[in-house]
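Below: one structure, written as structure tokens.
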Amino acid sequence: MKFDVVIAVVPYDKECKVIEAAKEVGATGATILSAHGTGIKEAKTFFGLTLELKQSLLVTLVEHHITQQVMKSIYDNLDMKTPGNGIAFSFPVKSVIGLESQLSAIKQEVAKIYF
């Protein structure tokens, strides 16, 4: 099996929506990290203080054949074409260990597609 990592950086209040969108199309879970960052536009200021909005970084390991579906589901459900709603990207994973608890669900999904 081939796997990819899908990473989504989204506003904190939208992290549940990302997880739901990914699971709708076959993802089995996600790791959520607290994050902050900067983009093309500067953060808003309030009385000279920089206001950084809390963000979440979601890391999801998915079987390669559903990577694009997961990315599209996240994009559509979060309306990512609107600035400030986050970004998502993916990359291939060379090797994976520790998936025993999720392997049966992944195999069932693969079987539906290929058999």
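The values are calculated or read from the model by the stated rules, or taken from the named source; none is laboratory data. Note that this is a predicted model, so its numbers are computed, not measured. Cβ atoms come from the backbone with ideal geometry, glycine included; neighbour counts cover every protein chain shown.
Quick one: how many residues across the range 83-95 are surrounded by 10 or more Cβ atoms within 10 Å (Cβ to Cβ) and farther than 14 Å from VAL6 by Cβ?
Narrowing the range 83-95 to residues surrounded by 10 or more Cβ atoms within 10 Å (Cβ to Cβ): 84-90, 92-93.
Then drop every residue that is not farther than 14 Å from VAL6 by Cβ, which leaves 84-85.
Total meeting the criteria: 2.
When HIS64 is tested against (1) surrounded by 17 or more Cβ atoms within 10 Å (Cβ to Cβ); (2) in contact with a Lys or Arg (Cβ under 9 Å, 6 or more places away or on another chain); (3) within 22 Å of LYS2 (Cβ to Cβ), only condition (1) is not met.
Anything in the range 61-83 that is polar (S, T, N, Q) and modelled with pLDDT of 95 or more? List them, or say none. Correct list: THR67, GLN68, GLN69, SER73.
Considering only residues that are among the basic types (Lys, Arg) and closer than 17 Å to GLU63 by Cβ, look in the range 1-40 and name the one that is modelled with the lowest pLDDT. Restricting to residues being among the basic types (Lys, Arg) and closer than 17 Å to GLU63 by Cβ, the top hit is LYS2.
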